[in-house]
1. Provide the packing ranking of 18-25, 2-9, i.e. peptides ordered by the mean count of other C-beta atoms within 10 Å per residue, highest first.
2. Residue separation times 0.36 nm, minus the C-alpha to C-alpha distance between L60 and V37: what's the value?
3. What ranking do 10-17, 33-40 get when scored by the average of other Cβ atoms within 10 Å per residue, highest first?
4. With no solvent and one point per C-alpha, what does the Debye sum give as log10 I(q)/I(0) for the chain at q = 0.24 Å⁻¹?
5. Per residue of the chain, what 222 nm ellipticity follows from adding -39500 (n - 2.57) for every DSSP H run with n ≥ 4, rounded to the nearest 500?
6. So if I place +1 on the C-beta of Lys and Arg and -1 on the C-beta of Asp and Glu, and nothing else carries charge, what would the dipole magnitude of the chain be about its Cα centre? I want it in debye, nearest 20.
7. Given an 8 Å cut-off on Cα distances and at least 6 residues of separation, report the relative contact order of the chain as a percent.
8. What lysines does K29 reach when the alpha-carbon gap must be under 24 Å and sequence neighbours fewer than 8 apart in one chain are set aside?
Amino acid sequence: MEFLGSTLDMIGKVMVAYTAIRVHHRFWKEHRVDEKVFSEMKRERYIGILGIVLIIIGYLLQVPSKL
């Protein structure tokens with residue numbers, strides 16, 4: 001049961017992070033933004049992707065102890 005809970009938690013976190021990244025991308029595509037805003041959004045996108053990778057790595061490190 002703990003394994004299932006951790007798995008659902010990780011999937012939920014990744015989904016929320018992915019949604020935030022997609023919103024930034026859509027805003028950038030559909031609205032005029034100056035270079036300063038664009039560079040900040042680009043930096044936030046990289047940080048978001050790194051966050052998703054860290055969530056997945058953390059999950060994979062925890063899985064063996066839960067099986």
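1. 18-25, 2-9
2. So the extension gain works out to 4.8 nm.
3. 10-17, 33-40
4. -0.97
5. On the way: 2 runs with 61 residues, N = 67.
The helix-only estimate for the chain comes to -33000 deg cm²/dmol at 222 nm.
6. Computed charge dipole of the chain: roughly 200 debye.
7. Averaging sequence separation for qualifying contacts and normalising by length gives 58 percent for the chain.
8. Reachable lysines: K42.
The values are calculated or read from the model by the stated rules, or taken from the named source; none is laboratory data. Values in this document were obtained by computation on a predicted structure and should not be read as measured data. Neighbour counts are summed over all protein chains in view; Cβ atoms, including those assigned to glycine, are modelled from backbone coordinates with ideal geometry. Ligands, DNA and RNA are stripped out before the accessible areas are found, and what is left, the full protein with its side chains, is counted by its heavy atoms. Shrake-Rupley method; radii C 1.70, N 1.55, O 1.52, S 1.80 Å.
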